[in-house]
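Accompanying notes for the structure given below.
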Amino acid sequence: MSMRKTVADLHNELVRYNLVAWTAGNVSGRVPGEDLFVIKPSGVSYDELTPANMVVCDLDGNLVEGEHAPSSDTAAHAYVYRNMPDVGGVVHTHSTYASAWAARGEAIPCVLTAMADEFGGEIPVGPFALIGDDSIGQGIVETLKGHRSKAVLMRNHGVFSIGKDPKAAVKAAVMCEDVARTVHVARQLGEPLPIPQDDIDRLYDRYQNVYGQRSPR
Ligand SMILES: [Zn+2]
């Protein structure tokens with residue numbers, strides 16, 4: 001199954017962009033056309049991940065295929081796939097700057113054109129939630145449903161990001177940390193200037209609909 005390779009490989013990006021320490025971060029991807037997703041095995045280090053040791057779960061988070069236990073964040077990923085049918089990839093990290101905003105329970109304000117492009121506004125904060133049941137998943141879905149942002153700062157915890165596929169979710173996690181860092185740095189010497197809402201709307205629309213290579217038809 002090629003989704004096993006995609007998900008295994010994308011974990012290298014979490015390491016490359018310095019979003020994770022030890023094993024605390026994970027990527028998952030929905031298997032196209034099936035009620036299944038592929039996710040990182042629990043406690044296996046990033047340099048030992050292979051397509052073969054990825055874990056396949058159903059949308060209730062039950063293990064379907066794999067020799068390892070799935071990531072301890074599997075219930076949250078499963079809840080997102082069950083409740084957001086357009087989501088094809090989910091990423092979780094404790095990346096430093098974004099988690100610092102989460103620790104304060106503070107949304108990252110939209111003060112950079114790159115944020116307007118990618119997130120269409122602020123990056124919101126989700127509720128405080130303990131691992132073990134559906135509360136993390138519920139918090140992610142409640143915050144992101146109907147929001148332009150593809151990333152949420154779960155309070156006192158870290159980042160969950162979503163995308164149409166796992167690569168898009170990884171990109172959102174990388175960009176979230178990047179803007180969290182820049183806005184943090186900007187704050188050190190003053191108050192960053194807000195971008196007017198109609199300019200945010202224009203930037204978001206252009207980036208989402210016009211920017212980049214047109215896909216061949
Ligand atoms: Zn976590």
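Restrict the search to the stretch 87-183; then list the trypsin sites (Lys or Arg not before Pro) that DSSP places in a loop and that have at most 10 other Cβ atoms within 10 Å of their Cβ.
Loop-located and lightly packed - Lys145.
Taking Cα atoms, how many degrees apart are the long axis of helix 166-187 and the longest axis of the chain, rounded to 10 and kept between 0 and 90?
40
Would you mind counting up the charge near Val56? Only other residues with Cβ under 12 Å from its Cβ, with Lys and Arg at +1 and Asp and Glu at -1.
Summing Lys/Arg as +1 and Asp/Glu as -1 gives -2.
Could you pull the Cα extents of the stretch 1-97 along its three principal axes, largest to smallest, in whole Å?
Largest first, the stretch 1-97 extends 32, 28, 21 Å along its Cα principal axes.
Could you point to the residue in Ala151, Ala180, Tyr204 farthest towards the positive end of the stretch 139-214's charge dipole, with +1 and -1 charges on the Cβ of Lys/Arg and Asp/Glu respectively?
Ala151
Could you check the spin-label model distance between Gln188 and Thr50? Points 7 Å from the Cα along Cα→Cβ, value in nm.
Between Gln188 and Thr50, the label points sit 4.4 nm apart.
Quickly estimate the mean residue ellipticity at 222 nm for the chain, helices only: each DSSP H run with n ≥ 4 gives -39500 (n - 2.57), and the total goes over all residues, rounded to 500.
-12500 deg cm²/dmol
Quick check: the angle from helix 2-16's long axis to the longest principal axis of the chain, C-alpha only, nearest 10 degrees?
Compared with the principal axis, the helix lies near 50 degrees.
Take the solvent-accessible surface of the protein heavy atoms, probe 1.4 Å, and return the percent of it on the chain that carbon and sulfur atoms account for.
Roughly 51 percent of what the probe reaches on the chain is carbon or sulfur.
Mind checking the per residue accessible area of the chain for me, 1.4 Å probe, whole number of Å²?
The answer is 50 Å² per residue.
The values are calculated or read from the model by the stated rules, or taken from the named source; none is laboratory data. Bear in mind the structure is a predicted one, so any value in this text is a computation, not a measurement. Note: ideal-geometry Cβ built from the backbone for every residue, glycine included; neighbour counts use all protein chains shown. Keep in mind that these areas ignore ligands, DNA and RNA; they rest on the heavy atoms of the full protein, side chains included. Shrake-Rupley method; radii C 1.70, N 1.55, O 1.52, S 1.80 Å.
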